[in-house]
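Participant: So that we are looking at the same thing, I have put the structure below in structure tokens.
The values are calculated or read from the model by the stated rules, or taken from the named source; none is laboratory data. Since we're looking at a predicted model, the values are computed, not measured. Here the Cβ is made from the backbone with ideal geometry for all residues, glycine too, and neighbour counts use every protein chain on show. All accessible areas refer to the heavy atoms of the entire protein, side chains included, with ligands and DNA or RNA removed. Shrake-Rupley method; radii C 1.70, N 1.55, O 1.52, S 1.80 Å.
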Amino acid sequence: MIEFMTGLPGPLLHLALAALLIAESGLAIGVFLPAATTVLTVGALARFDVVPVVTIAATVALSSAVGSQVGYLRGRARQGPLWRATTRRLGSTRTSALLNGLERRAAMTLAVCQCLGVLRTVAPRLAAQAGVPRLRHAVITAAAAAVWACTLITLGWTAGDAYHRTELAVSMAGLPALCIAGILLIITVAVRNRLRTKRDRAGREEIDGDRAVNL
């Protein structure tokens, strides 16, 4: 993924990332989109100076917050397929209890859900159905989105640094390292096969011994 995203121009990369994150929180298809993985990747790209870290972090935070508002509005306007699937799985009683709990503990619940995969897509719709005020939802999710964005960008930055050093070490080691790794792999496989053969032989001998005793 790093190679693919590196080939995109800076503005196009920002637009593609924004579209992905808005769709992830705002549309039902968002449950299948790799948002967190993509943000980690762009964090690594920022480490390589492919994109400015400040603008990419701002794009991630703003897009995730906007997507959450889109999901909230869609949840308040109508009960779409994602909402129907959620209520069908939970049942009416559990859904009512969930909505009541969300209304009472909106701040903590929405902040946590904003940082967790599928819940980032479902929570805005639940908040709309639970009657959480739009402004309150916007403030909570915007703050949580900023924390989520900075955390993942930082992790991606750190991982990018490790990736760069690993790549450098591999390039310095070159073919000898690959040969040594291949030899160790062959030895490991041979030892495992030999041990498996011995176990199978011991098992057959034990079975033959039991049959002899029974006879």
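Participant: Between residues in the stretch 123-146 that are closer than 14 Å to G71 by Cβ and open to solvent by 20 Å² or more (accessible area, probe 1.4 Å) and residues that are of a type in the set (V, I, T) and outside any helix (DSSP H, G or I), which pairs lie under 6 Å by C-beta distance while being six or more apart or on different chains?
Facilitator: So the pair list comes out empty.
Participant: Within the stretch 1-52, which helices (runs of 4 or more DSSP H) (wholly inside it) include 1 or more residues that are modelled with pLDDT of 85 or more and over 17 Å from the mean Cα position of the chain (by Cα)? Spell out the reasoning first.
Facilitator: Working: elements: 2-6, 10-26, 35-47.
Answer list for the stretch 1-52: 10-26.
Participant: Give me the residue from the stretch 60-88 that is modelled with pLDDT of 90 or more and either open to solvent by less than 30 Å² (accessible area, probe 1.4 Å) or charged (D, E, K, R) (or both) and, out of that set, nearest to V42 (Cα to Cα).
Facilitator: Filtering the stretch 60-88 down to residues modelled with pLDDT of 90 or more leaves 60-70.
Add one more test, that the residue is either open to solvent by less than 30 Å² (accessible area, probe 1.4 Å) or charged (D, E, K, R) (or both), and what stays is 60-61, 63-65, 67-68.
On the way: V60: 10, A61: 13, S63: 14, S64: 15, A65: 18, G67: 19, S68: 21 Å.
The residue in question is V60.
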